[in-house]
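Data first, discussion second: the structure below is written as C-alpha cells.
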Amino acid sequence: MTLTLSVVGCGYLGATHAACMSSLGFTVIGIDTDPNKVAMLQNGELPFYEPGLDTLLAQEMKTGRLSFTTDFSAVKDADIHFVCVGTPQSKDGLAADLTYVRSAVAEIAPYLKDGSLVVGKSTVPVGTAQSLREQLAKTAPQADLAWNPEFLREGFAVEDTLTPNRLVVGVANDRAEQILKEVYKPIIDLGTPWIRADLPTAELVKVAANSFLATKISFINAMAEVCEAAGGDVTVLAQAIGYDPRIGNKFLQAGIGFGGGCLPKDIRAFMARAEELGAKQALEFLREIDAINLRARQRVIDVVRSELSEDLTQYKIAVLGATFKPDSDDVRDSPALDIAVQLQAAGAAVVVHDPKGIEPARKRFPKLKYAEVVTDAVKDADLILHLTEWKEYRAIDPSALSSLVKRKIIIDGRNMLNRELWRKAGWKFHALGRTD
C-alpha cells in the first residue's frame, strides 16, 4: 500500500517534514491557515531561510507528490497526519500555549478516515498526547494518535530529518508503531536507532534533551564568569574538560548564551508543567539555567560600558549578527538582537548587520538601524560586537576595517574570532571568559 501523508502546520518544522517525506516517495499534502505562506510553498519558495531546503522543496514540487493548501478537507485521503504546529510560550506565564495543537487536531478530526493515524511532532508538555488521544476517541473514534518528537537543528533541518541520530515514537499499541515503521523504513534501513516509548516518555524526551543542552551551555557560561573573576581562560578550560568522554566537547562554547524559538520557551514550559504535576523541586535548577543565560547578555553590555562609558549616548556600536545562530534567519529570542536593542535603549547609536536576518529583525525592531554590508555597519564605530558566529565574520580581515572605525575595539561574544589576528592588526580584543 502506498501511503498518503498530511502535514498540518507548514512553518519551519512542517515545511521541512513535508518536503523530506515527499523525497522518500510519499504523496504529501501540507495544510496551513496562512494563505501567503501556502502560496509561497505551492510556488516552490520558502518563507524562511534554511540551507538546502529551498532546493529540496523546488525539486519535490516538480514531482507532483507534494502540494500545499489552506483547505483542511484535503486531508480526507491521507492515511497519516503529522501535526507540526507551534507551541509558543503563553502570554501570561511560562507554560506552553497549546491553542494551535488542539485546534489542528480538531480541524482534521471530521476528515479522518477509518484506521488513520494522527502523529504529533510539536513540542508539548507531558500529558498533552494522552488528552488529545482522548479527544479523538470522542470526535474521531476511527483514528488513533501517536507522538513522534522532532529534533531539528536550524541550519541542519534536512539532514536531521532524513538522517537523524534516532527516531523516537510514543505509541499506545503495536499497530501505531508498525505504521510509523512503514513511514520511516528508508531511514530505519540506514541503521537509525528506533526507540519505542509510551506517550508521556516520548513527550518528555524532547524537553529533557533541550533542558540538558541548555544546562550545558549555561554551565560553560557560568565558568566564563568565574574565569574572568579568577584570571583564567574559559576556552582552554572547555577544551580540557571536553576531552573527558563523560562530558564531551559539544555545547561548551562560552558566549552570550542560547536563544531561538525552542530552548528558552521549552525549558520554561517544562518548569511550568513540572509544577502542575507536583514535581516543581525536580526542575528548580532550570530557573538558574535560565537566569545564567540571560545574565550572559547583560555581561556583554557591562563590558561595552567598561570599554566606552557608563553613558553611551555619544557612541556608535556596530553589531555583527542578528539571528540567534548562524545558517538561519530566525531572530526569535535572539541574544544578539536583544543586546542590540538594550544598547540602543541606553542611548547608543546601534547599527546591525546579518547575512540572512536583517528583514526578520527589522520586522521585530524597526527602530534599529541596519546595514546590508559589514563595512557600512562598522563605519565610524567606536566599538564592534561579534554576536552571531557566521563564517562570514570569521573571514573578516581586521586590517581592512581599521581605517573605517573610530576606535579599534571589538568584543567577541561568541569566542570564535582569531584573537591574535585582531590584536596583531592593532585592535583591542575582548572575549567573554578570557582575561588576558
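The values are calculated or read from the model by the stated rules, or taken from the named source; none is laboratory data. This is a predicted model, so every value here is computed, not measured. Glycine gets a Cβ as well: all are built from the backbone with ideal geometry, and neighbour counts include every protein chain shown.
Just give me the residues in the range 186-207 being farther than 12 Å from Val124 by Cα, β-branched (Val, Ile, Thr) and in contact (Cβ under 8 Å) with a residue 24 or more places away in the chain, in sequence order.
Ile187, Thr192, Ile195
If you scan the range 363-374, which residues turn out to be out of contact with any His (no Cβ under 9 Å at 6 or more places or on another chain) and over 17 Å from Tyr315 (Cβ atoms)?
Lys363, Arg364, Phe365, Pro366, Lys367 - these are the residues of the range 363-374 that are out of contact with any His (no Cβ under 9 Å at 6 or more places or on another chain) and over 17 Å from Tyr315 (Cβ atoms).
Please work out if Val341 is surrounded by fewer than 23 Cβ atoms within 10 Å (Cβ to Cβ), in the same structural domain as Arg414 (by TED's automatic domain parsing) and β-branched (Val, Ile, Thr).
Numbers: surrounded by fewer than 23 Cβ atoms within 10 Å (Cβ to Cβ): yes; in the same structural domain as Arg414 (by TED's automatic domain parsing): yes; β-branched (Val, Ile, Thr): yes.
Yes: the conditions hold for Val341.
Go through the range 395-405 residue by residue and tally those that are surrounded by 14 or more Cβ atoms within 10 Å (Cβ to Cβ) and within 28 Å of Glu50 (Cβ to Cβ).
1
Which residue pairs have Cβ atoms closer than 8 Å, lie 6 or more positions apart in sequence or on different chains, and pair a first residue in the range 356-381 that is under 20 Å from Arg407 (Cα atoms) with a second residue that is modelled with pLDDT under 95 and of a type in the set (Val, Ile, Thr)?
none
Between a first residue in the range 208-228 that is in the same structural domain as Phe270 (by TED's automatic domain parsing) and a second residue that is small (Gly, Ala, Ser) and assigned to a helix (DSSP H, G or I), which pairs have beta carbons less than 6 Å apart while being 6 or more apart in sequence or on different chains?
Hits for this filter: Ile220/Ala238; Asn221/Ala296.
Which condition number in (1) crowded, with 20+ Cβ neighbours inside 10 Å; (2) within 14 Å of Ile317 (Cβ to Cβ); (3) within 25 Å of the chain's Cα centre (by Cα) is the one that Asp354 fails?
Here Asp354 meets the rest and fails (2).
Please pick out the residue among Val124, Val205 that is out of contact with any Pro (no Cβ under 7 Å at 6 or more places or on another chain) and of a type in the set (A, V, I, L, M).
Being out of contact with any Pro (no Cβ under 7 Å at 6 or more places or on another chain) and of a type in the set (A, V, I, L, M) holds for just one of Val124, Val205, which is Val124.
State which residue is farthest from the chain's Cα centre (by Cα) when the search covers only the range 145-157 and only residues that are buried (at least 21 other Cβ atoms within 10 Å of the Cβ) and of a type in the set (A, V, I, L, M).
Among those that are buried (at least 21 other Cβ atoms within 10 Å of the Cβ) and of a type in the set (A, V, I, L, M), it is Leu145.
Do we have any residue at all in the range 314-324 that's surrounded by 23 or more Cβ atoms within 10 Å (Cβ to Cβ), of a type outside the set (Gly, Ala, Ser), under 18 Å from the mean Cα position of the chain (by Cα) and at pLDDT 95 or above?
Step one: filter the range 314-324 for residues surrounded by 23 or more Cβ atoms within 10 Å (Cβ to Cβ), giving 317-324.
Narrowing further to those that are of a type outside the set (Gly, Ala, Ser): 317, 319-320, 323-324.
Within this subset, residues satisfying the condition of being under 18 Å from the mean Cα position of the chain (by Cα) are 323-324.
If we keep only those that are at pLDDT 95 or above too, we end up with 323-324.
Scanning the range 314-324 turns up at least one residue that is surrounded by 23 or more Cβ atoms within 10 Å (Cβ to Cβ), of a type outside the set (Gly, Ala, Ser), under 18 Å from the mean Cα position of the chain (by Cα) and at pLDDT 95 or above.
For Thr128, are the conditions met, namely being over 26 Å from Gly191 (Cα atoms), without any contact (Cβ under 8 Å) to a residue 24 or more places away in the chain and within 23 Å of the chain's Cα centre (by Cα)?
no
Filter the range 1-37 for residues that are buried (at least 16 other Cβ atoms within 10 Å of the Cβ) and part of a loop (DSSP other than H, G, I, E, B) and give the result.
Matches in the range 1-37: Leu3, Gly9, Cys10, Gly11, Leu24, Phe26, Asp32, Thr33.
For the range 330-383, please list each of the helices (runs of 4 or more DSSP H) lying entirely inside it that holds at least 3 residues being small (Gly, Ala, Ser).
On the way: elements: 335-345, 358-364, 374-378.
Hits in the range 330-383: 335-345.
Here are some conditions: (1) over 19 Å from the mean Cα position of the chain (by Cα); (2) within 19 Å of Val351 (Cα to Cα). Glu276 meets all but one. Which one does it not meet?
So Glu276 meets the others, but not (2).
Can you name the condition, by its number, that Ala95 falls short on among (1) touching a helix residue (DSSP H, G or I) at 6+ places or on another chain (Cβ under 6 Å); (2) within 30 Å of Met271 (Cβ to Cβ); (3) modelled with pLDDT of 95 or more?
Single failed check for Ala95: (3).
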